[in-house]
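Worksheet for the structure shown next.
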Amino acid sequence: LQAIAIVCGIAANWLCIAITADGVRDIHSRTGQLATIHMILLCLGSRTSILTSHTYLSSYGQQIAHSWLGWITIGNGAVHSIIVLGIGRRLELDGVGISGLVVSRQYPSLARRESKRIGRRRDAYDGTTVPITFVRANIRDYRPLYLGIAVGLLAVGYLSRFGHIWYRSCGTGPNARRLCVRPLVDAIQVSIVVPRPWHFRAGQHIYLRGFGMGIRAFWQSHPFTIAWWEGDRISMLIRPRGGFTRRLLLYAGCTLHALVEGPFGIEHDLGSYGTVLMFASGVGIAAQVPYIRRLLEGRSMSKARTQRIVIYWRLDNEAHQEWVKEWMDELLRLDVKYVLGIYIYVAGNYIDPRTHPASAEHFGEHDRVNRVFGDLDIKYTLGAELDRRRGNTVVAVCAGHPMIDEVRSTVRGALQQDIWLVELGVWPGPSGDSISPRLGPRDSP
Ligand SMILES: Cc1cc2nc3c(=O)[nH]c(=O)nc-3n(C[C@H](O)[C@H](O)[C@H](O)COP(=O)(O)OP(=O)(O)OC[C@H]3O[C@@H](n4cnc5c(N)ncnc54)[C@H](O)[C@@H]3O)c2cc1C
């Protein structure tokens, strides 16, 4: 579907350029004009999370759309510049001619940045390219309309962001904005006291900015899914990568402060399904836990129709089960009607080396927690669950590609109309392969 949408976008762009074009001059003018118009859309996408909160298009889908629009704009700008240079004319200082030059000069770096899909670097692009284009294009005041709209959108976006951050972060409680970092095996649990709590829901994420971690970290904001909330305290489960998240590890036990932007994201209505089957791998559990909590709370208030919730969680290391132990205990306490089943599959790295692969253990009242040492056979497990499901069924997944693909193909193979598949949150990648054992000298707090 994504490929079709991209091909349609590219085709529409070139149809607009080619249809009824009267020679090279027309193509030159249209490519420049379209490049400038696309810039408006690119500026709109500089904080895609705002769109994520008001549409069902996933954050990943919006990032793809944003980066492909960037590529189309590069194409238009390049063609525009080649024509200008090719026809041997002195470069005109009009909005279109100049935008072509700037687009072709600036956008390769945008493309590099976009391919990394990094929010903070996208900010850098928005903050430099558009004003440069605007200043140059305005030299003779020709066609400033599109660029004016783009810059206006950018300015409104930045102002509303600053207003939003200020609103969320101002507050005078003794612990307001306090950020605690708790290192775990291959992960970090971060909790923040938000001065102005909102109505917490599943599927929400915030952009986090750290105070007291150095100037570089302050200028970055990173999105994280809210995995748990208690009063005015929200918690996130983070997989350390190479930048901001790795730096967080250095501040375990220190008192930091955070600026929070958000919440963004839409909650899927899983409460309207009789059976909810969940699949997660590694840190993907952070996106599932809030949904289980909301379903159990919804049931207790007769707002959810759920009769059965089963979560299958695949781990690479037995120690990873500690990441969400307290939250799982709380979920079991909320589950007064025993509708919840938790299946933890530990694929390797057993704490006790004598553990026998393929063995299983059961815990809790009514054996609601099951730990299996071995890999999860998704086709078999999901097939069996679908056979004994009650009512309409939703399969929710937050995992890496092999697991998502298997879940998707099994659900598709079931060919039943009352089975739905939703992909929750953003999976941050496999655990344990990203943390450098030794932090470099630049990493000292
Ligand atoms: C909506 C959403 C929710 C997320 N929730 C979680 C979560 O609950 N737990 C978790 O561990 N991770 C989550 N992530 C991923 C997390 O944002 C990145 O892993 C983190 O920003 C990496 O920061 P870094 O500087 O250490 O990364 P780097 O080492 O610099 O880069 C590592 C990777 O992270 C990506 N990345 C870096 N900065 C950003 C950014 N500002 N926005 C998006 N991607 C970025 C890069 O594309 C790169 O692929 C989420 C991402 C999104 C978009």
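Each value in this text was obtained by applying a stated rule to the coordinates, not by laboratory testing. Just so it is clear, the structure is predicted and the values come from calculations on it, not from any experiment. Neighbour counts are summed over all protein chains in view; Cβ atoms, including those assigned to glycine, are modelled from backbone coordinates with ideal geometry.
Compute the convex hull volume of the Cα atoms of the stretch 309-361, divide it by the residue count, and report the result per residue in Å³ as a whole number.
Cα convex hull per residue, to the nearest whole number: 84 Å³.
Ordered by the number of other Cβ atoms lying within 10 Å of each residue's own Cβ, fewest first, Val426, Val276 fall into the sequence Val426, Val276. Among Cys170, Cys43, sorting on how many other beta-carbon atoms sit within 10 Å of each Cβ, with the fewest leading, yields Cys170, Cys43.
What is the stretch 131-277 by shape, rounded, prolate or oblate, if you read a ≥ b ≥ c off the alpha carbon gyration tensor as root eigenvalues and call it rounded for a/c under 1.5, prolate for a/b larger than b/c, and oblate otherwise? Because a/c hits 1.5 or more and a/b exceeds b/c, the stretch 131-277 counts as prolate. Which shape class applies to the stretch 270-423: rounded if a/c is under 1.5, otherwise prolate when a/b exceeds b/c and oblate if not, where a ≥ b ≥ c are the square roots of the Cα gyration tensor eigenvalues? Cα axes put the stretch 270-423 in the oblate bin.
Rounded to the nearest 20, the Cβ-based charge dipole of the stretch 270-423 about its Cα centre (Lys and Arg +1, Asp and Glu -1) stands at 680 debye. Of the GluC sites (Glu not before Pro) found in the stretch 219-305, not one falls in a DSSP loop while having at most 13 other beta-carbon atoms within 10 Å. Taking a ≥ b ≥ c as the square roots of the eigenvalues of the alpha-carbon gyration tensor, the stretch 255-334 is classed oblate because a/c is 1.5 or more while a/b is no larger than b/c.
Among DSSP beta bridges whose residues both lie in the stretch 270-423, state the antiparallel percentage, nearest 5. Roughly 10 percent of the DSSP beta bridges within the stretch 270-423 come out antiparallel. Each residue of the stretch 355-367 was assigned a 3J(HN,Hα) from its phi angle through the Karplus expression (A = 6.51, B = -1.76, C = 1.60, θ = phi - 60°), giving 4, 8, x, 6, 7, 9, 10, 10, 9, x, 4, 6, 6 Hz with x at Gly and Pro. Summing charges over all other residues whose Cβ lies under 14 Å from the Cβ of Trp166, with Lys and Arg as +1 and Asp and Glu as -1, gives +4. Please work out, to two decimal places, the log10 of the ratio I(q)/I(0) at q = 0.19 Å⁻¹ from a Debye calculation in which every Cα of the stretch 178-264 carries one identical scatterer. One equal scatterer on each Cα of the stretch 178-264 leads to -0.80.
For the stretch 319-383, the dipole from Cβ point charges (+1 on Lys and Arg, -1 on Asp and Glu) about the Cα centre works out to 140 debye, to the nearest 20.
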